[in-house]
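Here's the structure, in C-alpha cells; my notes come after.
The values are calculated or read from the model by the stated rules, or taken from the named source; none is laboratory data. These figures come from a predicted structure and were not determined experimentally. We place every Cβ from the backbone using ideal geometry, glycine too, and count neighbours over all the protein chains shown. These accessible areas exclude ligands, DNA and RNA; they are computed on the full protein's heavy atoms, side chains included. Shrake-Rupley method; radii C 1.70, N 1.55, O 1.52, S 1.80 Å.
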Amino acid sequence: MSDSLPITEEWLKAVGFKWHQLDRQPSKHWLLWLGEAAAGDGRFTSFEDIGIEVADMRYKNSAGDTMGDTAWFVWFRGDCAGRYHRFIHVRHMRWQHELIKLVEAISGQDWNPDNHLYGSVRSPARAARIREEDQRLDRQMVREGYPWAEIEKDDSRGRALPEHMEAHEKTMAGQK
C-alpha cells in the first residue's frame, strides 16, 4: 500500500464504492456501506446503518475544467432504517491508504475489495455466500435482462437514497 497513490473516482469504483449525485451537487458522492461487516459476530444490523461517504472537493469552472487540489471530503454516514441520515465530517483525505485505514477501523475487516459487494463491505464468509447465491439460475436470468432503465447502465451508480426521495417529493409538491 503506497502513500503516494491518490484517491480517484476510478479507484473508488474499482474497490466497491457506489456513487450518487443530486441536482446541483458539483461532484459525485461515493458511498461504501459498512454496517453488515461492522456487526461481524452475527448480530443483525442493516448493511445501510453506517457508511463512509466521500466527495471530490475540487471545483469546476464554467468550462468544466477542474480547479484546485485533489483532496476529498470524507464523512461518516449514519442511517437508521433508511430514513434518518446523519453526516459527521471526518476530515479531508488525499491518499488511498488513509481511506483504507478508516474503512478497516470502522468495519473491523481487513481491506479486501473482493469482499465489497453491491456497495457494501462484507465479511469473508458473507461475501462467499453472496457469490454462491449469485450463481443461481434465477439470479443469472435477472442479470441477463439487466439493465431495464438508462440509469442502470452504470453499475457503479448506487441505488436511490433517502435524499433522492426528499428531492422527488419537493419537485412533485412544486408541480401542484
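Scanning for something at pLDDT 85 or above and exposed (fewer than 13 other Cβ atoms within 10 Å of the Cβ), does region 38-48 turn up at least one residue?
Looking through region 38-48, none of the residues is at pLDDT 85 or above and exposed (fewer than 13 other Cβ atoms within 10 Å of the Cβ).
Across region 1-37, what is the total count of residues that are modelled with pLDDT of 80 or more and closer than 16 Å to F73 by Cα?
Residues in region 1-37 being modelled with pLDDT of 80 or more and closer than 16 Å to F73 by Cα: 17 in total.
Out of S156, S123, S107, report the one residue that is small (G, A, S) and modelled with pLDDT under 70.
S156
Going through region 130-153 one residue at a time, which ones are modelled with pLDDT of 70 or more and touching an Asp or Glu at 6+ places or on another chain (Cβ under 7 Å)?
Residue satisfying the conditions is R139 alone.
Under the condition of being within 19 Å of G158 (Cβ to Cβ) and assigned to a helix (DSSP H, G or I), which residue from region 115-128 is least open to solvent (accessible area, probe 1.4 Å)?
A127
Is there a residue being at pLDDT 90 or above, part of a strand (DSSP E or B) and within 19 Å of W19 (Cα to Cα) anywhere in region 94-103?
Checking region 94-103: at least one residue is at pLDDT 90 or above, part of a strand (DSSP E or B) and within 19 Å of W19 (Cα to Cα).
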